[in-house]
1. Viscosity 1.567 mPa s, temperature 4 °C: give me the Stokes-Einstein translational D for the range 97-139 in µm²/s, with Rh taken as the Kirkwood radius over C-alpha pairs.
2. Rounded to the nearest Å, what's the spacing between the alpha carbon centres of the range 3-32 and the range 78-149? Just the number, please.
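Taken together, the values in this text are just the output of simple stated rules run on the coordinates, not laboratory data. Note that the coordinates shown come from a computational prediction; the quantities given were computed from them, not determined experimentally.
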Amino acid sequence: MVDALRTTLDAISHVLDVYNVGRIEATSRRVRSDGRTSEWHVSTHTRDRSWVITDSNGVTETSIDDKERSRQIATDGTRHTQSSIAPIAVRLCFPLDLPIWGRMDDDWAIDHADSTNFGYTIALLHTREPGKSAHVEYSTEYGLATKFAQYQGKTLIAELALVDILRPGRRAFSDGSVMLATGSS
């Protein structure tokens, strides 16, 4: 029991410690239960809570900081004001924006975490529908939550994942190895 609690608390502390991650470039992929997939190229900076998101239609959304955020549509340059919650495409980079903490408006609460070869898997319970479950995967290699998957029984409802992750403070090689680069990220 003590070891399980310690593992869960360790996993939570790692997921929340995104400040030191710095810059990230990745493909964010969302898969729905009907098989539809959405992909975005994302570039984020976890320290200053900024991001640039470009979808397959050329729509770009940017946030300079938590106070100034806009959505730029490439064709006409229109800007729209957005809410303070990070968009779905970058939400794994800003874990407090995930609905997993058991807060009043959250759909999920943490049940427990397991240590894995890649980091942690955090099991979640739905706060209102007992037949639903979910999990978050945390990668120690990237210092990020990399997947949030939701299920109805054993059927996938939705999955959000970061793939092709690159931290510009690190240099990736064709053999898959990573070397830390000097300088700040």
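1. Working: Rh = 10.7 Å.
Using the Kirkwood radius from Cα pairs, D works out to 122 µm²/s.
2. 8
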